[in-house]
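The numbers here are math on the coordinates, done by the rules we state, and not lab data. Here the structure is a predicted model, which is why all the values come from computation and not from measurement. For neighbour counting, all protein chains shown are included, and Cβ atoms are generated from backbone atoms with ideal geometry for every residue, glycine included.
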Amino acid sequence: MSYIDQVGPEQAFAAFNDPQGRFIVGERYVFCNRINGTVLAHGFNPALLGRNLASLRDARGKPFAAALIRIAVTEGQGWLSYEWFNPATRQTEVKDTLIIRVREDIVCGAGHYRR
């Protein structure tokens, strides 16, 4: 059972967005999107809430946001690697992200940067 199932989407998204909460640890944070790409929660950048990022590309031009959603929708969950800004080092690095379809129209993920 996911945290979203335990407490409901609104409370879960608030917890994922809380900079002092348990879902943000250093460079690691949770994000959730609707399957259309609209951001519902983003632990690192709350300014993204409500924006549609389905066409977002990584530092090398890879359309990773659409790929993450596609993995979650077609496989239920999976991993994807892409180049992304690391808030801890303030540099672009390879990030490995696990994405999971938690509801019919919601996908959530979290990742870590390679060192």
Query raised in the report: If we count other beta carbons within 10 Å of each Cβ, what is the order of GLU104, GLU83, GLU10, fewest first?
Result: GLU104, GLU10, GLU83
Query raised in the report: Got the relative contact order for the chain handy, in percent, Cα pairs under 8 Å and 6 or more residues apart?
Result: 21
Requested in this report: Compare GLY43, GLY76, GLY61 in a GNM of the chain, Cα atoms joined below 10 Å, and give the one with the largest fluctuation.
Outcome: GLY61
Report summary line: GNM of the chain, Cα pairs under 10 angstrom: of VAL25, VAL94, VAL102, the biggest fluctuation goes to VAL25
Report summary line: Taking a ≥ b ≥ c as the square roots of the Cα gyration tensor eigenvalues, with a/c under 1.5 meaning rounded and otherwise prolate when a/b beats b/c or oblate if not, the range 3-113 comes out oblate
Query raised in the report: Of ILE4, TYR113, GLN91, which is farthest on the positive side of the dipole of the chain, counting Cα position, with +1 on Lys and Arg Cβ, -1 on Asp and Glu Cβ, and the Cα centre as origin?
Result: GLN91
Query - Farthest positive-ward along the range 3-113 dipole, Cα basis, beta-carbon charges - from VAL25, HIS42, PRO63 - result: PRO63
Requested in this report: Report the residue, chosen from ARG57, ARG90, ARG103, that carries the largest GNM mean-square fluctuation when the chain is represented by alpha-carbon nodes joined by springs under 10 Å.
Outcome: ARG90
